[in-house]
Amino acid sequence: MALDRTDFEIIAALQKDARLGNKELSARIGLAPSSCFARVRALTTAGVLTGYHAEVAPRAVGIGLQAFVAVRLTRTSRDAFRALQAHLLALPEVLAVFHVSGIYDIQAHVAVRDVTHLRDLVVDQMATRKEVDRCETSVIFAHQRKPTLPQYVLPAGGSEKPRGRPRKTR
């Protein structure tokens with residue numbers, strides 16, 4: 001789907017506040033409510049808008065500690081990776097799983113009650129798996145997330161510069 005300037009305005013507004021109603025969103029971008037609704041539906045159908053969520057204070061739900069757990073597989077293979085990824089994503093403590101390059105194969109972002117919970121999670125649910133050679137844990141002291149993604153493509157039919165750093169070409 002080729003995105004135009006209006007699509008990018010919708011995306012930017014919803015990234016900043018996913019609770020915007022159609023009426024308010026359409027007023028912000030200067031589009032009729034029915035046209036705005038149709039565009040949001042098209043962006044969702046095309047997989048551009050993939051979901052909406054609420055930010056929740058971790059302490060409010062009993063999370064006292066977050067960490068990254070780097071995992072190295074015993075043998076790198078698609079089957080081993082898929083099996084471990086499926087196992088990790090089934091654990092309630094695991095927020096995200098990243099397939100990465102380097103000496104580790106996976107980085108898992110986890111949220112736990114405390115350091116004892118973290119230790120038990122790593123020892124009992126990760127390090128003992130047959131696919132796992134080694135785990136290394138890094139505690140997250142502070143966490144902040146930007147609500148928007150950079151824009152690296154031009155709107156269809158537009159000549160505006162994309163937002164964010166341009167890619168270097170050789």
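The values are calculated or read from the model by the stated rules, or taken from the named source; none is laboratory data. Fair warning: this is a prediction, and the values are worked out from it, not measured in the lab. Neighbour counts are summed over all protein chains in view; Cβ atoms, including those assigned to glycine, are modelled from backbone coordinates with ideal geometry.
Structure summary
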| quantity | calculated |
| --- | --- |
| All positions within the range 113-143 that are out of contact with any strand residue (DSSP E or B) (no Cβ under 8 Å at 6 or more places or on another chain) and assigned to a loop (DSSP other than H, G, I, E, B) | THR128, ARG129, LYS130, PHE141, ALA142 |
| Failed item, numbered, when ASP105 is tested on (1) out of contact with any Pro (no Cβ under 9 Å at 6 or more places or on another chain); (2) closer than 12 Å to ALA67 by Cα | (2) |
| Lone qualifier among TYR52, TYR104 - being farther than 27 Å from GLY157 by Cβ, in contact (Cβ under 8 Å) with a residue 24 or more places away in the chain and not assigned by TED's automatic domain parsing to the domain that holds LYS130 | TYR52 |
| Subset tally (residues that are under 16 Å from ALA42 (Cβ atoms) and either of a type outside the set (Val, Ile, Thr) or over 18 Å from the mean Cα position of the chain (by Cα) (or both)) for the range 1-24 | 13 |
| Filtered residues of the range 136-155 (kept if touching a residue at least 60 places away in the same chain (Cβ under 8 Å), polar (S, T, N, Q) and within 26 Å of ASP17 (Cα to Cα)) | THR148, GLN151 |
| Residues of the range 132-168 satisfying the condition of being under 30 Å from ALA80 (Cβ atoms) and at pLDDT 95 or above | VAL132, ASP133, ARG134, CYS135, GLU136, THR137, SER138, VAL139, ILE140 |
